[in-house]
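See below for the structure under consideration.
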Amino acid sequence: MPADAGPSRLDGITLLSPLSAEERAAVARQCRWRRFHAGEQIIDHQGDSRDVVLVVEGRVRVLSHSPSGREISFDDIEAGGFLGEMAAIDGLPRSASAVALEEGTLIALLAPRPFQDLVSGHPDLAMAVMTRLCRVVRIATDRVMELSTLGANNRVHAELLRLAKRGRLEGRTAVIAPIPVHADIASRVSTARETVARVLSDLARDGLVERRADALVVRDLRRLEALVEDVRAGV
């Protein structure tokens, strides 16, 4: 265990918030702790590990690769989040890979059995796991529909809307920080980086988005929502 990975470090994990401080300390003692370099793999697609990954510090990207090697990004998990619960529940190989995005990302790895004991013994924690799984299914369903029915430009709009809703809301404005990388958006919506750059440039020219030094600002969230929903309604 890293020297700075004490039991209280799990206090920020949202999944474990229903537990008492003593129970979280007990979970911390059951975990394997490790720091990862930026870009280092934490779990491998189709790998046989089954641990639940608790993101204590840093950020983690969930991704896969096409047969040609093109990266397909699914989600970024911030500090306080978790992933890997499906393999811990059903015992099947990993459905995706996960890599650290930040240097020194601190991970607590909880084995399947103690995770299953936590879920079965704490209804609030079980509900949190089910809520996350519902979110995963909803996002996957939306993206399948978008890939099947929307053009590349419209898929970029839809991804920008998802990022905006997860950003800092200020009235009709949404602040996305840090600024999303064009290649990351492209990997999520299955298009080219150049397409993303062109779409964002068009939105900026129309006054819908504004690039600042440390953030991308959606100046009218309702207008972006209408732009996305109008296209979906016409499909």
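The values are calculated or read from the model by the stated rules, or taken from the named source; none is laboratory data. As the structure is a computational prediction, the values presented were derived from the model and not from experiment. Cβ coordinates were reconstructed from backbone atoms using ideal geometry, including for glycine residues, and neighbour counts include every protein chain displayed. The area values use the complete protein model at the heavy-atom level, side chains included, leaving out ligands, DNA and RNA. Shrake-Rupley method; radii C 1.70, N 1.55, O 1.52, S 1.80 Å.
Per-structure values
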quantity: Qualifying residue in the range 48-61 (condition: open to solvent by 30 Å² or more (accessible area, probe 1.4 Å) and free of Cβ contacts under 8 Å to residues at least 40 places away in the same chain); calculated: no
quantity: Residue count, the range 160-183 (criterion: surrounded by fewer than 16 Cβ atoms within 10 Å (Cβ to Cβ) and of a type in the set (Val, Ile, Thr)); calculated: 3
quantity: Some residue of the range 9-17 being surrounded by fewer than 19 Cβ atoms within 10 Å (Cβ to Cβ) and either in contact with a Cys (Cβ under 9 Å, 6 or more places away or on another chain) or aliphatic (A, V, I, L, M) (or both); calculated: no
quantity: From the options 82, 74, residue that is closer than 22 Å to residue 131 by Cβ and open to solvent by less than 70 Å² (accessible area, probe 1.4 Å); calculated: 82
quantity: Matching residues, the range 133-148, being surrounded by fewer than 16 Cβ atoms within 10 Å (Cβ to Cβ) and either in contact with a strand residue (DSSP E or B) (Cβ under 8 Å, 6 or more places away or on another chain) or not β-branched (Val, Ile, Thr) (or both); calculated: 133, 134, 135, 138, 139, 140, 142, 145, 147, 148
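Matching residues to (1) exposed (fewer than 13 other Cβ atoms within 10 Å of the Cβ); (2) modelled with pLDDT under 90; (3) out of contact with any helix residue (DSSP H, G or I) (no Cβ under 6 Å at 6 or more places or on another chain):
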{"residue": "119", "(1), (2), (3)": "no, no, no"}
{"residue": "127", "(1), (2), (3)": "yes, no, yes"}
{"residue": "158", "(1), (2), (3)": "no, no, no"}
{"residue": "203", "(1), (2), (3)": "no, no, yes"}
{"residue": "207", "(1), (2), (3)": "yes, no, yes"}
{"residue": "210", "(1), (2), (3)": "no, no, yes"}
{"residue": "217", "(1), (2), (3)": "no, no, yes"}
